[in-house]
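Peer 1: Right, I'll just put the structure down here and ask away after.
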Amino acid sequence: MRRRATITSKGQITIPVAVRRQLGLRQGDLVEFDVDDGAAILRRAPNERDPFAAYAGALGAFTDGAAVEAWLRDLREDD
């Protein structure tokens with residue numbers, strides 16, 4: 001399948017609907033570009049979850065090092 005898209009002044013393109021459907025792309029999905037010898041391949045990026053995302057901002061809630069240590073013990077289930 002070959003489709004064309006126009007690059008905007010900001011360097012953006014709209015991925016044609018036929019290509020999005022073929023790749024199973026939805027809003028918010030990440031894509032990768034592989035460029036080799038003047039050609040580019042667009043593919044859906046692997047879904048790599050950040051293992052620390054669930055703890056984002058958690059350290060800001062602690063007042064001292066002892067509180068952090070206690071929290072880490074709870075996470076590790078060290079009694």
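No value in this document is a laboratory result; all are computed from the given coordinates. Remember, it's a predicted structure, so these values are computed and weren't measured experimentally. Neighbour counts run over all protein chains shown; Cβ positions are idealised from the backbone, glycine included.
Peer 1: Using Cβ counts within 10 Å as a stand-in for footprinting exposure, how do Leu72, Leu25 rank, fewest first?
Peer 2: Leu72, Leu25
Peer 1: Can you pull out the chymotrypsin sites (Phe, Trp or Tyr not before Pro) in the range 1-78 that DSSP calls coil and that have at most 12 other Cβ atoms within 10 Å?
Peer 2: In loop regions of the range 1-78 (DSSP not H, G, I, E or B), the sparsely surrounded chymotrypsin sites (Phe, Trp or Tyr not before Pro) are Phe52.
Peer 1: Between Thr6 and Trp71, what is the label-point separation in nm under the 7 Å Cα-to-beta-carbon projection?
Peer 2: 5.1
Peer 1: If you don't mind, there's one more thing I want to ask. Out of these labelled values of volume of the Cα convex hull per residue in Å³, (1) 82; (2) 191; (3) 96, which was calculated from the coordinates shown here?
Peer 2: So the calculated entry is the one marked (2).
Peer 1: Turning to a different aspect of this structure: Name the trypsin sites (Lys or Arg not before Pro) in the chain that are in a loop by DSSP and that have at most 16 other C-beta atoms within 10 Å, would you?
Peer 2: Filter output for the chain: Arg2, Arg3, Arg4, Lys10, Arg26, Arg49.
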